[in-house]
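Visitor: Dumping the structure here so I can ask a few things about it.
The values are calculated or read from the model by the stated rules, or taken from the named source; none is laboratory data. These numbers come from a predicted model, not from an experiment. So basically every Cβ, Gly included, is an ideal-geometry build from the backbone, and we count neighbours across all protein chains shown.
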Amino acid sequence: MKLFLVFFCAAACFAADLTGNWASGNAGADGVARKVYFELKQDGARIIGHIRSTQFYYTIKESTGDASGFTLTAGMMDGKSERTVRYEGKLEGEELHLGTRRNATAPLSQLVARRVPDGEGAYPARIPPPALHKVPANGLAKAPPMGWNSWNKFAGRVDDKSVRDMADAIVSSGMRDAGYVYVNIDDTWEGERDAKGNITSNKKFPDMRALADYVHGKGLKLGIYSSPGPNTCAGYEGSYGHEEQDAKIWAAWGIDYLKYDWCGARNLYTDDEMQAVYQKMGDALRVAGRPILYSLCQYGRADVWKWGPEVGGNAWRTTGDIKDTWDSMTNIGFKQNELAQWAAPGHWNDPDMLEIGNGGMNDDEYRTHMSLWSMLAAPLLAGNDLRSASPGILAILTNRDVIAIDQDKDGKQGHRAWKSGDQEIWVRELLGDDRAVAIFNRGAEKSEVKVKWGELEMRAPAKAMNLWSHQDEKLQGAELTASVPAHGVVLLRVH
């Protein structure tokens, strides 16, 4: 009897101990298993350890309870603030049942974790960043790149068919002839690495070389996405430790554009090391065997505009992610004024992709979006479903006169020249004697705006063409009165 009780107690105690490595998640439809790992140690009334979820690596800060019912609060430093996650759970047999919420009012998301061998899913060892040096310019992006990106509309739903469909639509809609040439696949294309460490695409993209051939056959170029971290933002395989290997594989596939997203790298490197980390891929692209445009995506941290060209960058994100709302678009776009000096042919400030046509704004607001990005000499990467784009949306995206402002060969970014309340006037110097003058009304009511050329440090122009109405404006000597719709713009090219 005593032996039985000792055995029973030992078995129960073992079953009730949370110590171990737990993993949740099975392969999805794309064939990739993006697991959440819980490396736990039960220390009396405390539970300590780490949680690895997509690109996030958390340290458990607080815990309550035990195997019969517990909570875990874990945090990680994300820039200047701490990101936290909270799990509620209990052990049921050999399964760890857990739940978490995105926020206080969101429903509980349930997951089940099971024991896996110690070390599985462990965060990789840190590779010291290289010493700084200048990466020679690649000669690409003499004008801001134009094309389409999958994330804003498709996110994780992007696949081979949708990319081919977008290539077809870019051609049939006239967008290719207007200058849109890049067809860029964002996150979630990645598969596993093979035995030699070569990156593969997942089931959504059965043959990347064939896809590139199809896109190239349309007179277009193909772009791809990765991260300097072990994982991408969505938790797929990053390029950490495989930079040169990945660049050569992309070149062999026929890739023409790389968007390189910081995400998982923040768990291994500080912002002070960011330049060296991006330099590593800049070097890799130089020896890849194919010209690949290099777009840095690290949300404007560490004053990237000051060193982006030094790592071989052709464009660099200056902001967080855009949303298809008036507030998001304007909060991003109108804050770019101080960065004008850093834009030049081959090297561009990037306030993120276009939301034009995704439905969150009206046509006047989308014309403001297109006008402002063109004044900023920003990359023009459409983010809508081009297969169903209305004639009105296509007219905004393919306005040749507005695109000519964005693509001006002088490469000088526009700046705010005047502001009064909700009204702003931005001016951009163009090649030759021309200027682009954008009169913005950020207010909710139509506004009459008097443009006084002297206040803009300009002579009275001989001619002013309205680039949205395609008509000449009536000039009135030293000033011009513009009627600007709510949340709208009057965009002029003046000579």
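Visitor: Just give me the residues in the stretch 83-130 being charged (D, E, K, R), under 28 Å from PRO228 (Cβ atoms) and in contact (Cβ under 8 Å) with a residue 24 or more places away in the chain, in sequence order. Write out each step before concluding.
Guide: Narrowing the stretch 83-130 to residues charged (D, E, K, R): 83, 86, 88, 90, 92, 94-95, 101-102, 114-115, 118, 120, 126.
Filter once more, keeping what is under 28 Å from PRO228 (Cβ atoms): 83, 102, 118, 120, 126.
Passing the criteria: ARG83, ASP118, GLU120, ARG126.
Visitor: With a cut-off of at least 1 residues that are within 30 Å of ILE185 (Cβ to Cβ) and either assigned by TED's automatic domain parsing to the domain that holds GLU365 or of a type outside the set (D, E, K, R) (or both), name the strands (runs of 3 or more DSSP E) lying wholly within the stretch 385-447. Working first, answer last.
Guide: Numbers: elements: 415-420, 423-429, 435-441.
Filter on the stretch 385-447 gives an empty set.
Visitor: Just one of (1) assigned to a loop (DSSP other than H, G, I, E, B); (2) closer than 18 Å to GLN42 by Cβ; (3) among the aliphatic types (A, V, I, L, M) trips up LEU96, so point out which.
Guide: LEU96 satisfies every listed condition except (1).
Visitor: Tell me, please, whether a residue that is crowded, with 22+ Cβ neighbours inside 10 Å and in a loop (DSSP other than H, G, I, E, B) can be found in the stretch 242-256.
Guide: yes
Visitor: When residues of the stretch 454-491 are filtered for being at positive phi, surrounded by fewer than 20 Cβ atoms within 10 Å (Cβ to Cβ) and either touching a strand residue (DSSP E or B) at 6+ places or on another chain (Cβ under 9 Å) or among the aromatic types (Phe, Trp, Tyr) (or both), how many remain? Steps first, answer last, please.
Guide: If we filter the stretch 454-491 for residues that are at positive phi, which is where we start, we get 457, 470, 477, 487.
In the following step, the residues that additionally are surrounded by fewer than 20 Cβ atoms within 10 Å (Cβ to Cβ) were identified as 457, 470, 477.
Those left that are additionally either touching a strand residue (DSSP E or B) at 6+ places or on another chain (Cβ under 9 Å) or among the aromatic types (Phe, Trp, Tyr) (or both): 457.
Of the residues in the stretch 454-491, 1 are at positive phi, surrounded by fewer than 20 Cβ atoms within 10 Å (Cβ to Cβ) and either touching a strand residue (DSSP E or B) at 6+ places or on another chain (Cβ under 9 Å) or among the aromatic types (Phe, Trp, Tyr) (or both).
Visitor: Of the residues SER239, SER201, only one is free of Cβ contacts under 8 Å to residues at least 40 places away in the same chain and among the polar types (S, T, N, Q); which?
Guide: SER201
Visitor: Can you tell me which of LEU492, LEU480 is among the hydrophobic types (A, V, I, L, M, F, W, C), at pLDDT below 95 and either out of contact with any Lys or Arg (no Cβ under 7 Å at 6 or more places or on another chain) or not assigned by TED's automatic domain parsing to the domain that holds GLU424 (or both)? Break it down stepwise before answering.
Guide: Numbers: LEU492 fails: at pLDDT below 95.
Exactly one of LEU492, LEU480 is among the hydrophobic types (A, V, I, L, M, F, W, C), at pLDDT below 95 and either out of contact with any Lys or Arg (no Cβ under 7 Å at 6 or more places or on another chain) or not assigned by TED's automatic domain parsing to the domain that holds GLU424 (or both), namely LEU480.
Visitor: Would you check if there is a residue in the stretch 267-279 being among the hydroxyl-bearing types (Ser, Thr, Tyr) and touching a residue at least 24 places away in the same chain (Cβ under 8 Å)? Steps first, answer last, please.
Guide: Just the residues of the stretch 267-279 that are among the hydroxyl-bearing types (Ser, Thr, Tyr), to begin with: 269-270, 278.
After this cut, where a residue has to be touching a residue at least 24 places away in the same chain (Cβ under 8 Å) as well, the list is 269, 278.
Looking for residues that are among the hydroxyl-bearing types (Ser, Thr, Tyr) and touching a residue at least 24 places away in the same chain (Cβ under 8 Å), one finds at least one in the stretch 267-279, hence yes.
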